[in-house]
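Novice: Shown below is the structure under consideration.
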Number of protein chains: 2
Amino acid sequence: MDEFVSTFTNRLDSKGRVSIPAPFRSVLMRDGFEGLYCCPTLDQNAVDAGGNRLREQIRAMLALFEPFSEDHELLSTTLIGESEILRVDPEGRVALPEAIKAHAGIGDTVTFVGQGYKFQIWEPERFLAYRAEAKNRVRELRRRLGGRREAGGAE
Amino acid sequence: MDEFVSTFTNRLDSKGRVSIPAPFRSVLMRDGFEGLYCCPTLDQNAVDAGGNRLREQIRAMLALFEPFSEDHELLSTTLIGESEILRVDPEGRVALPEAIKAHAGIGDTVTFVGQGYKFQIWEPERFLAYRAEAKNRVRELRRRLGGRREAGGAE
DNA sequence: TGGGAGAACATGGGCGTCAATGGAATCGAG
DNA sequence: CTCGATTCCATTGACGCCCATGTTCTCCCA
């Protein structure tokens, strides 16, 4: 499997370390990136994580802008400056830095959420709330899609 | 790793020396440039720093303008004339010259901000303000891009 | 079909190494 | 000889690596 799928919740130990779920580890291995690339999300209190494929996405986005342009600087400050490359220990764990824990409101447990080419790291409670919210939005979206096909615009 | 990633804050000692963060040092090493190339940013109270890749970008940027044109002269005066090449001591430290400290308002701590092919040097407080601003601008920017693919956020 | 052996994985903690920092020693130029 | 700059050394604290433990899941066999 080359995509991050499913959701896992693990505990941090006294040193702030947490095991990356084994299925995610094997995806990372295959991806080839040494370490775990982590980038805070802009709109949620969560963190995007992954390997080369995630970095590639970020690089592609930056490539849309001219170096030294204001937009390029803003993006690189936000996307790259706030990112961290975490070392994965021989047991498959990472130590979450303070900045990340603070951003995501993480205490002693974290939830890993697979999202294909990347996964997210959440504080479990916050993730449940977000997921519930997301579900509602999707229901609504589906209603709209349904209407479109049947009536050509039941709105 | 061949890119400057993440943010670090270090202290200056009584001689005005400061350690370049170890991950940045290894990028510089790989880049091959002897020393640290520093040039004041155009529109911020900060300093761009890096090695050959940064110099290459500056060269490329200047190449966008007609040689001997007024714009070209202005840019080269600022970008090249105000640049400094700092020597890195055996422990991986540099001594920040007065001109740079003045321009960036640096006191006894500095923040290093990775931006891919280069990194920036900031006075910590000023950087926090800039980062907050940058985050807002990027959010806004992303909204405008709309349907475009993105790397930094959840969808 | 139930039980047991084994493997894989999450977790806990001890120890060595390296990076950041401070300060002393040395070198070079005026 | 003195001042400034550069190199050398020493300390401390964080972090990476190693080994140990327990739990769950799987697979095999009775």
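The values are calculated or read from the model by the stated rules, or taken from the named source; none is laboratory data. Computed from a predicted model, the values in this text were never measured in an experiment. Every residue, glycine as well, gets a Cβ built from its backbone with ideal geometry; the counts of neighbours run over all protein chains shown. Heads up: the accessible areas ignore ligands, DNA and RNA and are worked out on the full protein's heavy atoms, side chains in. Shrake-Rupley method; radii C 1.70, N 1.55, O 1.52, S 1.80 Å.
Novice: Checking A:T77 against (1) touching a strand residue (DSSP E or B) at 6+ places or on another chain (Cβ under 8 Å); (2) exposed (fewer than 12 other Cβ atoms within 10 Å of the Cβ): exactly one of these is not met. Which one?
Specialist: For A:T77, the exception is condition (2).
Novice: Please go through region A:7-41 and pick out each residue that is open to solvent by 50 Å² or more (accessible area, probe 1.4 Å), under 21 Å from A:K101 (Cβ atoms) and not charged (D, E, K, R).
Specialist: A:T7, A:F8, A:T9, A:S14
Novice: Still on this model: Could we say that B:R59 is over 14 Å from B:Q115 (Cα atoms), within 16 Å of DNA strand D (Cβ to nearest atom) and of a type outside the set (G, A, S) here?
Specialist: On the way: over 14 Å from B:Q115 (Cα atoms): yes; within 16 Å of DNA strand D (Cβ to nearest atom): no; of a type outside the set (G, A, S): yes.
Against the criterion (over 14 Å from B:Q115 (Cα atoms), within 16 Å of DNA strand D (Cβ to nearest atom) and of a type outside the set (G, A, S)), B:R59 does not qualify.
Novice: Further, regarding this structure: Checking A:G92 against (1) within 16 Å of DNA strand D (Cβ to nearest atom); (2) open to solvent by 20 Å² or more (accessible area, probe 1.4 Å); (3) touching a residue at least 40 places away in the same chain (Cβ under 8 Å): exactly one of these is not met. Which one?
Specialist: (2)
Novice: Give region B:51-73 a look and list any residue that's away from every other protein chain (no Cβ under 14 Å) and open to solvent by 80 Å² or more (accessible area, probe 1.4 Å), or say none. Explain how you work it out, then say what you get.
Specialist: Keep residues of region B:51-73 that are away from every other protein chain (no Cβ under 14 Å), which gives B:51-52, B:66-70, B:72-73.
Of everything in region B:51-73, those that are away from every other protein chain (no Cβ under 14 Å) and open to solvent by 80 Å² or more (accessible area, probe 1.4 Å) turn out to be B:E66, B:F68, B:E70, B:E73.
Novice: Follow-up question, since we're still on this one. Could you list all residues from region A:16-39 that are in contact with a Ser or Thr (Cβ under 8 Å, 6 or more places away or on another chain) and within 14 Å of chain B (Cβ to nearest Cβ)?
Specialist: A:Y37, A:C38, A:C39
Novice: Name the residues in region B:76-90 that are over 9 Å from B:G35 (Cβ atoms) and within 16 Å of DNA strand C (Cβ to nearest atom), would you? Don't jump to the end; show me each part of the working.
Specialist: If we filter region B:76-90 for residues that are over 9 Å from B:G35 (Cβ atoms), which is where we start, we get B:76-84, B:89-90.
Of everything in region B:76-90, those that are over 9 Å from B:G35 (Cβ atoms) and within 16 Å of DNA strand C (Cβ to nearest atom) turn out to be B:D89, B:P90.
Novice: What are the residues in region A:1-19 that are out of contact with any strand residue (DSSP E or B) (no Cβ under 6 Å at 6 or more places or on another chain) and more than 13 Å from DNA strand D (Cβ to nearest atom), if any?
Specialist: First pass over region A:1-19, keeping only residues out of contact with any strand residue (DSSP E or B) (no Cβ under 6 Å at 6 or more places or on another chain): A:1-2, A:13-15.
Hits for region A:1-19 are A:M1, A:D2.
Novice: Right, another one. Which number in (1) over 21 Å from B:R142 (Cα atoms); (2) within 13 Å of another protein chain (Cβ to nearest Cβ); (3) modelled with pLDDT of 95 or more; (4) touching a Gly at 6+ places or on another chain (Cβ under 7 Å) marks the one condition that A:G114 misses?
Specialist: The number of the failed condition is (4).
Novice: Are there any pairs with C-beta distances below 9 angstrom linking a residue in region A:24-38 that is without any contact (Cβ under 8 Å) to a residue 60 or more places away in the chain to a residue that is among the acidic types (D, E), with the two at least 6 apart or on different chains, and if so which?
Specialist: Once the first residue is without any contact (Cβ under 8 Å) to a residue 60 or more places away in the chain and sits in region A:24-38, its partners that are among the acidic types (D, E) give A:V27/A:D2; A:V27/A:E3; A:R30/A:D2; A:D31/A:D2; A:L36/A:E84; A:Y37/A:D48; A:Y37/A:E84.
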